[in-house]
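Below is one structure, written out as structure tokens, with a few remarks after it.
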There are 2 protein chains.
Amino acid sequence: MIENSYYSQDVHGPYELHDIGNLDLEEGGTIRACNLAYATFGKLNAAKDNAILIPTWYSGTSKIMEQVYIGPGRALDPDKYFIIVVNQIGSGLSTSPHNTSPPAGMGNFPRVRIGDDVRAQHKLVTEKFDLKSLALVVGGSMGAQQTYEWAVRYPDMVKRAAPIAGTARNTIHDSLFTETLVNAITSDPGFNKGFYASSADVREGLLRHAKMWAVMGWSTEFFQQDRHKALGFSSMDDFIMNFMNGYFSVMDPNDLLCMAWKWQHGDVSRHTGGDLRAALGRIKAKTFVMPMSSDMFFPPSDCQAEWRLIPDAEFRPIQTIDGHLALFGADPNAIGQLDKHLRELLASEV
Amino acid sequence: MIENSYYSQDVHGPYELHDIGNLDLEEGGTIRACNLAYATFGKLNAAKDNAILIPTWYSGTSKIMEQVYIGPGRALDPDKYFIIVVNQIGSGLSTSPHNTSPPAGMGNFPRVRIGDDVRAQHKLVTEKFDLKSLALVVGGSMGAQQTYEWAVRYPDMVKRAAPIAGTARNTIHDSLFTETLVNAITSDPGFNKGFYASSADVREGLLRHAKMWAVMGWSTEFFQQDRHKALGFSSMDDFIMNFMNGYFSVMDPNDLLCMAWKWQHGDVSRHTGGDLRAALGRIKAKTFVMPMSSDMFFPPSDCQAEWRLIPDAEFRPIQTIDGHLALFGADPNAIGQLDKHLRELLASEV
């Protein structure tokens, strides 16, 4: 357990905590008194059929989903929908390595899978909110992985699904990228197998991790067109230090690694003995597959290959030069396209 | 100075050494008795106008250029041309950190720039072979950087230029990628600021470096289409360990770092106070700019932006899913396209 003021109501609130009890994990091990941090927007209607679930991405929390994706007049409109943003295990707000008491915390935190998160979230939405259906599950990146897992695991409950910039089964290329991110952190001697005194002990590893995110997270066109300057940074050095590193350096290394392992091993075909076609064939949700056109690790071609296996799905790539991190919302045109597609998806009969 | 049997006539020969004397470097420092390792193919004609120069890429030597690009009936035909393949400084065959005597070797080796290589190569081709012109300078990746430097620095000497999968001025994105490669090696405690006893001391850093090359060197489509299996590897793990790591792990870390710094700082606009248009405007060579269509760090769009600044140049992208490392020649279709373009370029009147 480690103090980290970044993971607080001040920075990410308001959010609520819900204790779903012990969570037995797919890889073995148990998270005791697993807490999910969530934020809600809007009101559940009497029919309880206007709920939208948004799981979070690697390093993200409910706050950025609120800021970038939710609002009156937007597709994800709290005046029309009851929107639950749930922070994934390891996010730092929900149960995570850094906030778990000894001996199970820090470097001893057990391995968690996307499926564990989705089972935990199912408990939240059924126990806490008594939901029988979700009008939409939508998420970006690891949020897309959880969206796919929801649609495959609970096909009757998920009416619509919008996986953005993510895949149902991680590719070997993306898995290798994730491994280089993990290595960047764990190779820092200050990491000390996960038992450091503070994130600052892993400063160099976190900086390497931030640089690798800068290489793969945006796109070559992003830098060719000086988008980093348009975002207010004077140079690449400034962008790396004050944006990329500024963003990641305050986070907990073990929390990032917990999420990275989950991301790396995301795979809905675990439900069907490795048969991806069979797994995606289970999906009953009306699904829009929405990659970012310039994404370097969840590229359109990988998302398209999965789209072909989903019944009645639509392929809706988002045109942007912001790469994977168009998810951050700095390209208003990309967000406009997303809103348009989500509005159409939400309007579709199911 | 360190023994390394990888850098030998057995592995890379036959090659010759030419001592160009002391080389004063752009960054300060001097390489004493700088030796260039080179291999020649074919015969110089009486008019001395059939010489082709091929500089090498990062981690490559004259051997792979011979094996993949040169041969009777090929564009680079030793029956028609006198072909000189020159190994760059830091390649391990020419003067390099690992083969330089104390105190100037290993971690003390001075910083070398692309321009230093090209001045050294100019000495080789003028002093040793008495050349007044080069019918073609062609190279891939760092070989393209040297090709651009040749065409800008010696515009009257270079009749044709074929930069393949490389740029004249490195982009900030590619510079950052290079930095992550450098960090992968230098962060290994065994690197010991460049004073290790053998490459094996830097095993972990070299493995991280190899993995990052696998992420960026090929393309997502390469792995989606199981090209690594078509190349004879059973899995990604097999491919990483026995191909990528097998390839890099025998190399000298300081040698790689010497080349990486050069690569990272490649910039012909140093001749014109930072004005890239002015620098590229100096080129008199008939130039074919040939990026690999799926290259993740020397992408077509970055190469195209430079092509626009070169008088009378042609943009000839190579269609391949092998990414940057299509240079290795595993995609015969890409090599076929290259040969076709090079044949056309060599046939052009200048």
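See the values below:
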{"quantity": "7 Å along Cα→Cβ, label-point gaps from residue B:277 to other copies, nm, shortest first", "calculated": "5.5"}
{"quantity": "Convex hull volume per residue in cubic angstrom - Cα atoms of region A:219-290", "calculated": "163"}
{"quantity": "Global form of chain B, assessed from the alpha-carbon gyration tensor, a/c cut-off 1.5", "calculated": "rounded"}
{"quantity": "Surface/4 of the Cα convex hull for region A:126-195, nm²", "calculated": "6.8"}
{"quantity": "Accessible surface of residue A:164 - all protein chains present, 1.4 Å probe, nearest 10 Å²", "calculated": "10"}
{"quantity": "Net dipole in debye of chain B [+1 Lys, Arg Cβ; -1 Asp, Glu Cβ; about Cα centre; nearest 20]", "calculated": "720"}
{"quantity": "Most mobile of A:105, A:273, A:323 in a GNM of chain A (Cα contacts under 10 Å)", "calculated": "A:273"}
{"quantity": "5 angstrom amide H check on residue A:161, placed H, neighbours 5+ away", "calculated": "A:137, A:286, A:287, A:288"}
{"quantity": "Convex hull of Cα atoms in region A:53-202, direction-averaged projection (nm²)", "calculated": "10.0"}
{"quantity": "Shielding score for B:171-179, defined as the mean number of other chain Cβ atoms within 10 Å", "calculated": "6"}
{"quantity": "Cut-off under 5 Å, modelled amide H: who pairs with residue B:318 long-range", "calculated": "B:292, B:293"}
{"quantity": "Solvent exposure of chain B as accessible area per residue, Å², 1.4 Å probe", "calculated": "35"}
{"quantity": "Partner aspartates and glutamates for residue A:193 [C-alpha distance under 20 Å; skip if fewer than 8 residues away on the same chain]", "calculated": "A:3, A:27, A:179, A:201, A:204, A:252, A:255, B:188, B:204"}
{"quantity": "Inter-copy spacing of residue B:32 label points, which lie 7 Å from Cα along Cα→Cβ, given in nm from shortest upward", "calculated": "6.7"}
{"quantity": "Solvent-accessible surface (1.4 angstrom probe) belonging to residue A:218, in square angstrom, nearest 10", "calculated": "0"}
{"quantity": "Fraction in percent of alpha-carbon pairs per bin - 10 Å, region A:175-259", "calculated": "18, 47, 26, 8, 0"}
{"quantity": "With all protein chains modelled, accessible area of residue B:180 [1.4 Å, Å²]", "calculated": "10"}
{"quantity": "Relative contact order (%) - criterion: Cα under 8 Å, at least six apart; region: region A:175-259", "calculated": "33"}
{"quantity": "Centroid-to-centroid separation of region A:15-40 and region A:129-152 [C-alpha atoms, Å]", "calculated": "17"}
{"quantity": "Residue-by-residue Karplus 3J(HN,Hα) for region A:293-300, coefficients 6.51, -1.76, 1.60, Hz, glycine and proline x", "calculated": "4, 9, 5, 8, 10, 10, x, x"}
{"quantity": "³J(HN,Hα), Karplus 6.51/-1.76/1.60, whole Hz, each residue of region A:166-172, x for Gly, Pro", "calculated": "x, 10, 7, 10, 5, 7, 5"}
{"quantity": "Per-residue [θ]222 nm for chain B (sum of -39500 (n - 2.57) over DSSP H runs n ≥ 4, rounded to 500)", "calculated": "-9500 deg cm²/dmol"}
{"quantity": "Cβ-Cβ FRET estimate between residue B:230 and residue B:129, R0 fixed at 51 Å, reported to 0.05", "calculated": "0.80"}
{"quantity": "Accessible-area ranking of B:122, B:228, largest first, probe 1.4 Å", "calculated": "B:122, B:228"}
{"quantity": "Rg and Dmax [Cα atoms of the protein assembly as shown; Å; Rg one decimal, Dmax integer]", "calculated": "27.3, 94"}
{"quantity": "Other-chain or far-sequence residues with amide H under 5 Å of residue A:169's (modelled H)", "calculated": "A:268"}
{"quantity": "Residues in region A:87-115 reached by a label modelled at residue A:33 [backbone nitrogen below 14 Å; 7 Å Cα→Cβ]", "calculated": "A:95-96, A:99-105"}
{"quantity": "Protein accessible surface hidden between B and A, which excludes ligands and nucleic acids, total in Å², probe 1.4 Å", "calculated": "2500"}
{"quantity": "Cα-based reach from residue B:63 at 19 Å (exclusive), listing lysines while leaving out same-chain residues under 8 positions away", "calculated": "B:43"}
{"quantity": "Charge dipole (debye, nearest 20) of region A:69-157; +1 at Cβ of Lys and Arg, -1 at Cβ of Asp and Glu", "calculated": "140"}
{"quantity": "Note, ³J(HN,Hα) from phi for region B:266-273, Karplus 6.51, -1.76, 1.60, rounded to Hz, x at Gly and Pro", "calculated": "x, 5, 5, 6, 4, 6, 10, x"}
{"quantity": "Dipole in debye (nearest 20) - region A:252-346, about Cα centre, beta carbon charges: Lys, Arg +1; Asp, Glu -1", "calculated": "440"}
{"quantity": "Nearest-first distances (nm) between copies at residue A:319, label 7 Å from Cα via Cβ", "calculated": "2.2"}
{"quantity": "Accessible surface of region A:93-195 [probe 1.4 Å, protein heavy atoms]: carbon and sulfur percent", "calculated": "51"}
{"quantity": "Test item: B:205-211 mean partner chain Cβ contacts at 10 Å", "calculated": "2"}
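The values are calculated or read from the model by the stated rules, or taken from the named source; none is laboratory data. If you're wondering where the values come from, they're calculated on a predicted model, not measured in any experiment. All Cβ positions, even for glycine, are placed from backbone atoms using ideal geometry, and neighbour counts span all protein chains on display. These accessible areas exclude ligands, DNA and RNA; they are computed on the full protein's heavy atoms, side chains included. Shrake-Rupley method; radii C 1.70, N 1.55, O 1.52, S 1.80 Å.
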